[in-house]
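S.K.: Have a look at this one.
The numbers here are math on the coordinates, done by the rules we state, and not lab data. All values reported here derive from a predicted model rather than from experimental measurement. Neighbour counts are summed over all protein chains in view; Cβ atoms, including those assigned to glycine, are modelled from backbone coordinates with ideal geometry.
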Amino acid sequence: MVLNKPLGLYIHIPFCKQRCSYCDFNSHSGLEDLYDQYIKSICVEIEKSVQEQTTFSEVVSIYFGGGTPSILPTHCLEKILTTCSSLFRVSERAEITIEANPETITREKLKKLKTAGFNRLSIGAQSFDDELLKILGRKHSSKEVNKCYSYAREVGFDNINLDLIFGIPEQTIGCWNDTLEKTVGLGPDHISAYGLEVHQETVLCKQIDDGLFKVSEEDIQADMYLNCITFLSDKRMIQYELSNFAKPGKECKHNLLYWRNENYLGFGAGAHSHIDNLRFKNADNPISYIKKLKTGQDVSEKYEELSDSIALSETIFLNLRLIDGINLEEFEAKFGFKLHDVYSRQIDDLVKKELLVYHPPSGAGGENLRLTKKGLLLANQVFAEFIPD
Amino acid sequence: MDILDPRRIRNFSIIAHIDHGKSTLADRLLEITHTISEREMKEQVLDRMDLERERGITIKAQAVRISYKAKDGEKYILNLIDTPGHVDFTYEVSRSLAACEGALLVVDASQGVEAQTIANTHLALDNNLEIVPVLNKIDLPSAEPERVKHEIEESLGIDTSNALMVSAKTGEGIDEVLEGIIEMIPAPDGGAEAPLKALIFDSIYDSYRGVIIFVRIFDGKIEPGMKIKMMATGKVAEVEDVGVFRPNMMSVPKLSVGEVGYVIAGIKNVKETKVGDTITEEKRSTSKPLAGYREAKPVVFCGLYPLDGGEYETLRDALDKLKLNDPSFVYEPETSRALGFGFRCGFLGLLHMEIVKERLEREYKLDLLATAPNVAYSVVRVGKAAEFISNPADLPSPGEIEKIEEPYVSISILLPPEFVGGIMDLCQDRRGEFKDMQYLSVNRVQLHYHLPLSEMMYGFYDSLKSRTRGYGSMDYEHIGYKESDLVRLDILLAGEPIDALSFIVHKDSAYFRGRELVKKLREIIPRQFYDVPIQAAIGNKILARETIKAKRKDVLAKCYGGDITRKRKLLERQKVGKKRMKSLGKVEVPREAFLAVLKVDKEK
């Protein structure tokens with residue numbers, strides 16, 4: 001590991017009161033009895049991981065994701081955070097985020113979290129329409145979102161994200177605009193707006209197959225996305241990634257690590273890590289995760305050594321997610337050749353199709369290659385062109 | 001081995017409508033006579049090709065020799081010659097029957113007489129075969145043997161007083177079938193010392209042994225070392241090996257009069273051993289060949305193109321090899337502006353086409369793009385002689401055409417009377433000419449129509465089945481060409497005519513077909529980066545237009561806890577999906593689009 005490269009830490013809390021209808025991620029309900037053992041295991045994993053490191057990069061972000069991290073008692077979260085801070089070289093300006101679902105939050109709890117060192121709160125609001133929240137299988141109402149948000153401000157969180165979902169079955173454009181207005185009305189520092197993806201084997205997918213709900217059409221989703229971009233930019237929330245908007249300076253450091261293809265270590269069941277040319281992933285199941293750590297086995301199940309061509313294509317499609325796109329000078333410095341030398345056919349074609357554009361960057365000299373507005377909507381079609389055969 | 005006494009030989013076939021239990025009965029006969037040990041017994045042994053077993057149909061004729069000790073104490077040799085069960089292969093059926101003295105007519109005791117029952121019985125009668133009626137599936141509660149016997153007598157004029165009652169599934173009545181074969185089917189006759197006269201009823205190509213010819217000896221004998229001559233092709237060859245099927249090939253010293261077996265004579269191409277030809281001795285020819293053979297002519301054509309243009313040579317090699325074993329299919333190179341280099345291929349029918357395409361993809365690992373099947377048209381240009389056109393793209397412009405003729409079939413449909421109205425409408429819609437209608441029994445009517453072959457190709461059988469709730473059955477034969485008012489419909493994608501999507505259609509239905517096809521294509525072709533208009537046109541006249549709207553959104557929002565691999569895999573799948581499409585100009589078209597014309601239902 002290169003010493004001066006920044007490092008992110010990700011802690012996965014795979015527990016929920018109940019799974020949301022659209023969720024196909026690694027989350028489980030009814031495992032309350034495991035909480036203590038799970039926390040211990042994570043701390044063991046962190047210790048082991050630190051012992052294996054030969055150099056120490058500076059940690060610029062710690063991110064507690066889920067599942068529902070806020071479901072855990074504060075002292076558990078605190079214990080993990082303390083373990084990280086004592087074993088890693090954590091920057092003083094590090095961003096320390098916790099994802100929270102409104103129904104798990106009290107004023108008291110938020111206060112403790114703030115005191116424990118969390119300085120960024122990501123609230124899973126998803127929508128301000130209570131009917132849509134029910135379709136999503138969320139356990140909170142829009143009222144609880146408001147409450148959670150004002151508690152967070154009261155206890156001093158000055159970096160708050162609201163997660164939103166659009167393209168929910170039955171959601172109209174009017175509904176979505178209303179949610180956007182209410183969101184902006186609260187004045188968050190950061191907004192993530194995700195188009196709903198209906199995955200196989202989710203409750204929602206079955207409900208759609210059974211004809212209970214209609215899947216949102218491509219054209220409506222496109223309009224919602226465009227409305228979102230226009231509306232938020234009017235409100236001076238700057239779009240810096242496909243789905244992410246922030247007040248200047250409040251861009252999420254953690255997600256930027258992913259998109260800049262930087263290093264991160266994931267701890268907990270199913271957590272993903274990326275260190276230089278290696279990706280690896282822990283056992284998904286919390287029970288086998290705990291068992292492996294108890295018995296001294298390797299918790300990582302899948303190792304993938306990235307070939308040069310895969311690393312190259314990942315860098316490209318991750319960088320292109322950012323609104324500024326790929327800085328061509330930095331690219332050449334990193335890979336030793338010009339991007340256009342390898343992908344001239346693809347790039348020229350995509351520029352002709354008005355999906356990619358060369359653009360002077362907001363800051364320093366040189367040129368960037370980035371998605372056009374049309375390209376933002378069709379990003380997958382663009383990315384697929386950079387996948388090696 | 002002693003010379004077999006022809007009086008102890010019986011050569012027979014089994015004829016039946018599809019699914020009436022022909023193959024199951026054959027299995028039981030082999031099993032009960034220990035022709036095959038139980039260990040070797042697979043379901044439906046005679047259908048050897050994997051494809052045949054999967055589809056439950058017989059594609060190539062097969063033969064097997066059964067030894068049987070009858071109740072009279074004598075040992076008999078029974079040669080069972082299986083026949084293909086599909087109308088595409090009628091000619092092979094008829095040649096197989098010509099090798100026999102009798103046939104078991106298997107009729108499902110609850111379904112009764114069906115169109116192929118009648119068609120195959122007529123083929124058997126044309127070959128002067130003794131017909132032994134067998135009522136199968138008598139174990140089913142729905143079996144009505146008396147009604148079905150009556151139907152057989154009424155519709156076929158066959159005496160059913162000694163019809164055999166069997167259940168091939170349970171084995172009931174199988175002994176009686178064996179005895180029935182010996183009692184009712186005549187022994188072969190012919191001169192043991194006469195010059196050789198043998199019928200080729202099938203031939204297959206084996207990569208180790210060359211062509212294996214399936215023969216029935218009518219006069220004389222055949223043995224290794226003999227110089228033989230194929231009377232139609234004039235090919236002379238020296239016999240290397242002769243043998244019988246038990247059911248695997250087993251060499252014997254010779255095949256003599258009345259016997260059925262195989263001949264290997266160092267021949268490298270099945271073209272030289274045409275089904276239906278007569279084999280005789282080179283020096284001592286038989287005076288008269290057996291009733292003639294004819295070349296099975298392809299009637300259905302389509303273009304086959306490798307999805308990956310680089311596979312063109314592989315496709316050509318595969319076609320060459322397949323042709324060695326299947327002379328009834330033809331091909332020649334063609335070039336399409338849209339699809340590049342490929343082959344125009346001709347088949348005996350749609351099933352034959354599907355089978356060939358599937359074998360090419362399966363056995364040669366090719367990804368093929370097939371254009372919609374069409375018939376061959378006879379076209380007379382002004383002041384010129386008639387020529388056949390098997391690719392719609394080759395049709396001259398309307399001004400140059402004096403007349404166009406298209407192939408017709410005579411179709412016979414059997415159905416319960418209550419469905420007659422619906423089927424007459426169907427035939428009417430398909431430009432059918434009513435010929436006659438006959439009551440075979442109170443609940444079975446035979447309808448007879450002349451129909452353009454092209455109209456029968458597109459979903460006719462499915463409509464027949466749905467309109468008769470599955471009770472209707474059909475059979476057809478080709479009856480030649482008739483003049484028609486036909487036009488070529490062109491399809492344009494993004495303003496560019498796509499030759500591989502052109503098809504020929506009757507003027508009266510051009511508008512409807514064009515409109516339906518562009519609708520269908522709009523559903524099949526995914527949204528692209530641009531709006532893509534789809535148009536149907538005759539010459540410069542646009543008949544219909546639809547637009548595939550530009551793709552607007554394809555973006556993955558979330559990044560699950562840094563799981564980049566998942567995202568990459570998804571993009572990889574997307575890329576593979578795209579590669580499986582054909583790029584026509586700037587439009588990516590999935591393979592199904594080229595067959596969309598088949599899915600345009602006339603009946604909406």
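S.K.: Evaluate the relative contact order of the stretch B:197-281 (contact order divided by residue number), counting alpha-carbon pairs under 8 angstrom at least 6 apart; express in whole percent.
M.R.: 41 percent
S.K.: The stretch B:309-378 to the stretch A:1-39: how many Å between their Cα centroids?
M.R.: Using only Cα atoms to place each centre, the spacing works out to 55 Å.
S.K.: Be a star and scan the stretch A:17-35 for residues whose amide nitrogen sits under 14 Å from the point 7 Å along the Cα-to-Cβ vector of A:Asp210.
M.R.: In the stretch A:17-35, the label zone of A:Asp210 (backbone N under 14 Å from the point 7 Å along Cα→Cβ) covers A:21-22.
S.K.: Sort out for me the Cα centre separation of the stretch B:160-178 from the stretch B:429-498, rounded to whole Å.
M.R.: So the separation of the two Cα centres works out to 37 Å.
S.K.: What is the mean number of Cβ atoms from other protein chains located within 10 Å of the Cβ atom of each residue in peptide A:218-226, rounded to a whole number?
M.R.: If you average over the peptide's residues, the count of other-chain Cβ atoms is 3.
S.K.: I've got another one for you. The stretch A:7-259: D in µm²/s via Stokes-Einstein (Kirkwood Rh, Cα pairs, 20 °C, 1.002 mPa s)?
M.R.: Value of D from the Cα-based Kirkwood radius: 113 µm²/s.
S.K.: Would you calculate the separation in nanometres between label points at B:Arg337 and A:Lys334, each defined as 7 Å from the Cα along the Cα-to-beta-carbon direction?
M.R.: Going from the B:Arg337 label point to the A:Lys334 one covers 4.6 nm.
S.K.: Add -39500 (n - 2.57) for each DSSP H run of 4 or more in chain B, then divide by its residues: what number comes out at 222 nm, to the nearest 500 deg cm²/dmol?
M.R.: So the helix-based figure for chain B works out to -7500 deg cm²/dmol.
S.K.: Taking 18 Å as the cut-off for C-alpha to C-alpha distance, list the pairs among A:Lys79/A:Lys112; B:Lys235/B:Lys274; B:Lys271/B:Lys357; B:Lys227/B:Lys254; B:Lys227/B:Lys268 that go past it.
M.R.: B:Lys271/B:Lys357
S.K.: Starting from the Cα of B:Ala194, step 7 Å toward the Cβ, then list every residue of the stretch B:211-239 with an amide N under 16 Å from that point.
M.R.: It comes to B:216-222, nothing else.
S.K.: Nearest 5 percent is fine: what portion of the DSSP beta bridges confined to the protein assembly as shown is antiparallel?
M.R.: 70 percent
S.K.: Now for a different question. Take peptide B:541-553, look around each residue's Cβ out to 10 angstrom, count Cβ atoms belonging to other protein chains, and average those counts.
M.R.: 3
S.K.: For Cα pairs less than 8 Å apart in space and 6+ apart in sequence, what is the mean separation divided by the residue count of chain B, i.e. the relative contact order in percent?
M.R.: 10 percent
S.K.: Report, for chain A, the % of DSSP beta bridges that are antiparallel, rounded to 5.
M.R.: 40 percent
S.K.: Using helices alone, what [θ] at 222 nm do you get for chain A, with -39,500 (n - 2.57) per DSSP H run of 4 or more residues, divided over all residues and rounded to the nearest 500?
M.R.: Details: 15 runs with 160 residues, N = 389.
Helix-only estimate at 222 nm: -12500 deg cm²/dmol.
S.K.: With a point put 7 Å past each Cα toward its Cβ, work out how far A:His199 is from A:Leu278 in nm, to one decimal.
M.R.: Here the answer is 2.6 nm between the modelled labels.
S.K.: Let me ask something additional. In nm, to one decimal, how far is the modelled label at B:Ser287 from the one at B:Lys271, with both set 7 Å along Cα→Cβ?
M.R.: 3.5 nm
S.K.: Charges on Cβ only, +1 for Lys and Arg, -1 for Asp and Glu, centred on the Cα centroid of the protein assembly as shown; of A:Ser150, B:Gly225, A:Val215, which one is farthest towards the dipole's positive end?
M.R.: Result: A:Ser150.
S.K.: Quick one: pull the percentage of alpha-carbon pairs in chain B with a separation above 41 Å.
M.R.: Value for chain B: 34 percent of Cα pairs lie more than 41 Å apart.
S.K.: Could you give the distance between the Cα centres of the stretch A:173-227 and the stretch B:400-426, to the whole Å?
M.R.: Here the answer is 53 Å between Cα centres.
S.K.: Next question. Could you work out the mean count of beta carbons from other protein chains within 10 Å of each residue's beta carbon in B:567-577?
M.R.: The per-residue average across the peptide is 5.
S.K.: Of all DSSP beta bridges located in chain B, what percent are antiparallel, nearest 5? It would help to have the intermediate numbers written out before the result.
M.R.: On the way: 109 of 128 bridges.
Counting only bridges with both partners in chain B, antiparallel ones make up about 85 percent.
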